[in-house]
1. Quick query: amide H of residue 51 versus all other amide H atoms, modeled in the peptide plane; which residues come in under 5 Å with a sequence gap of 5 or more or a different chain?
2. Each label point is 7 Å from the Cα along the Cα-to-Cβ direction; what then is the distance between the points at residue 68 and residue 23, in nm?
3. Fully extended, how many nm does the chain gain between residue 36 and residue 13 (0.36 nm per residue separation, minus their Cα-Cα distance)?
Amino acid sequence: MAPRPPLPPFTRETAAQKVRLAEDAWNTRDPEKVAQAYTLDSRWRNRAEFLHGRGEIVAFLTRKWARELDYRLIWPASTTCPSRNRTASTTGRWGAGRIRMRD
């Protein structure tokens, strides 16, 4: 898969654009589409669950979004790096997480 612009090195504007594109993709709640943003051998940790590879990422996101019907990822507008994120739901519960997206 070819890299998708904007590409590093990032300016404040292109970093914000990259974050917004990632946020928009995540909020489609399409596990196949979201998993394409990660490398084939990605490793994730979600609490006590350890995932390896896109197949496990897709399965995890499918389960997650089947339970969390009002889930939405929101990154602060001032962020320049999407390695820290905030999640929100219409129930008013907030959480913090770490994800790493590939360029």
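1. Those lying under 5 Å, H to H, from residue 51 are 44, 45, 46.
2. 1.6
3. 5.9 nm
Values in this text are rule-based calculations from the coordinates and carry no lab data. Just so you know, these numbers come straight off a predicted model, no measurement behind them. Here Cβ is always computed from backbone atoms with ideal geometry, including for glycine, and neighbour counts include all displayed protein chains.
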